[in-house]
Amino acid sequence: MTDHPHPDDYPSPQLRVEALEALLVERELVKTEMLDGFISRYVNDVGPMNGAKVVAKAWVDPEFRKRLLENGVEACKELGFGGPQGEHIVVVENTPEQHNVVVCTLCSCYPWPLLGLPPDWYKDPAYRARIVREPRKLLGEMGLDLPEKTKIRVWDSSAENRYFILPSRPENTDGLSEEELALLVSRDAMVGVAVVKA
Amino acid sequence: MDIVESLGTDSPTSLPRSNGELVFKEPWESRAFGIAAALVELGVFEWSDFQASLIAAISDYEKTHDSIKEPYNYYERWFAALESLVIGKSLVSKQELDSLTTDFCKRPHGHDHDHDHGHSH
């Protein structure tokens, strides 16, 4: 990423963002504390552990799994996960026959309430272009080698549909509790660039 | 930053606050994020409006750059989208924003905000 110092006369984003915030606060359109709240919420509280809880519950509770696949938004609300960008969560399930992976080719739509803010690579134009063109190769480079017989389906998120992957439960995890299972689930597995391992 | 890194990106869903990686590289990125999130929450505009504006801002960049070779700064595009939306909705005017930004540029160093003083890199 290019990151060069700005000449002194160039309005750096920092100052322009500050100026916009000041104007909106002055007009009482937003409050500084509200922005602080949002930032802290998404940086501190909302993250992939939300999605991991959803996955673990789906693994142990077949009825929940059914509701989740039928209506991701409502099922996630049962666990208290909703809010901005959570209105359009669509859950797709990995199977031995089909592996699913998510991208947003247009911008970076992402299920925030379940996964927090997107990681850098998700926003990277190279990921966005290559996962569509050569998913198997790119996944391999990212450390995920899938059996030839497993089909790969790429889901392109949009403002209307934010895809979330329900990974396969790893073998030999019968004795684990829901909480213990949740700890196994990584963000990358819920985007589909990894699988869950016990 | 070291603490976040030392707690590791390898452990699954390790640090929620890092999401495995640092979410915001600079403070202005988080402010730009927060402004957009707040305006949506307050119903000033819809997420879909913002999304459309972000797509347009990225597409503007891609008209003149090869984004694979010269990747854009995501939050810079985010802010461009936000700016165009708030100006489009007449919440603030471009002139006001330009003028206040210029005023801020003239602030002496050591001013009370703890924004980045570093032109050191």
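Brief remarks on what is shown
- From B:61, B:72, residue being in contact with a Lys or Arg (Cβ under 7 Å, 6 or more places away or on another chain), modelled with pLDDT of 80 or more and either in a helix (DSSP H, G or I) or within 30 Å of residue A:106 (Cα to Cα) (or both): B:61
- Residues located in segment B:45-71, provided they are among the aromatic types (Phe, Trp, Tyr) and more than 8 Å from chain A (Cβ to nearest Cβ): B:45, B:50, B:61
- Qualifying residue in segment A:180-197 (condition: within 25 Å of residue A:57 (Cβ to Cβ), in contact with a Lys or Arg (Cβ under 8 Å, 6 or more places away or on another chain), outside the structural domain of residue A:72 (by TED's automatic domain parsing) and not polar (S, T, N, Q)): yes
- Odd one out for residue A:182 among (1) touching a residue at least 40 places away in the same chain (Cβ under 8 Å); (2) away from chain B (no Cβ under 12 Å); (3) outside any loop (DSSP other than H, G, I, E, B): (2)
- Selection within segment A:98-155 - at pLDDT 85 or above, of a type in the set (A, V, I, L, M) and under 15 Å from residue B:72 (Cβ atoms): A:126, A:129
- The residues in segment B:28-41 that are at the interface with chain A (Cβ under 7 Å from one of its Cβ atoms) and either outside any helix (DSSP H, G or I) or touching a residue at least 12 places away in the same chain (Cβ under 8 Å) (or both) can be counted, and the count is 5.
- The selection criterion, being of a type in the set (A, V, I, L, M, F, W, C), crowded, with 23+ Cβ neighbours inside 10 Å and in a helix (DSSP H, G or I), does not hold for residue A:43.
- Only a single item in (1) surrounded by 16 or more Cβ atoms within 10 Å (Cβ to Cβ); (2) of a type in the set (Asp, Glu); (3) within 29 Å of residue A:187 (Cα to Cα) is not met by residue A:36, and it is number (1).
- Here residue A:130 fulfils each of the conditions (1) within 14 Å of chain B (Cβ to nearest Cβ); (2) touching a residue at least 12 places away in the same chain (Cβ under 8 Å) apart from (2).
- Looking across segment B:81-96, the residues that are buried (at least 21 other Cβ atoms within 10 Å of the Cβ) and either without any contact (Cβ under 8 Å) to a residue 12 or more places away in the chain or within 10 Å of the chain's Cα centre (by Cα) (or both) come down to B:81, B:82.
- Total residues in segment A:46-65, condition among the hydrophobic types (A, V, I, L, M, F, W, C), modelled with pLDDT of 95 or more and either more than 16 Å from residue A:111 (Cβ to Cβ) or assigned to a loop (DSSP other than H, G, I, E, B) (or both): 4
The values are calculated or read from the model by the stated rules, or taken from the named source; none is laboratory data. The structure presented is a predicted model; accordingly, all values stated were derived computationally and were not measured. Using ideal geometry, Cβ is built from the backbone for each residue, glycine included, and neighbour counts are taken over all protein chains shown.
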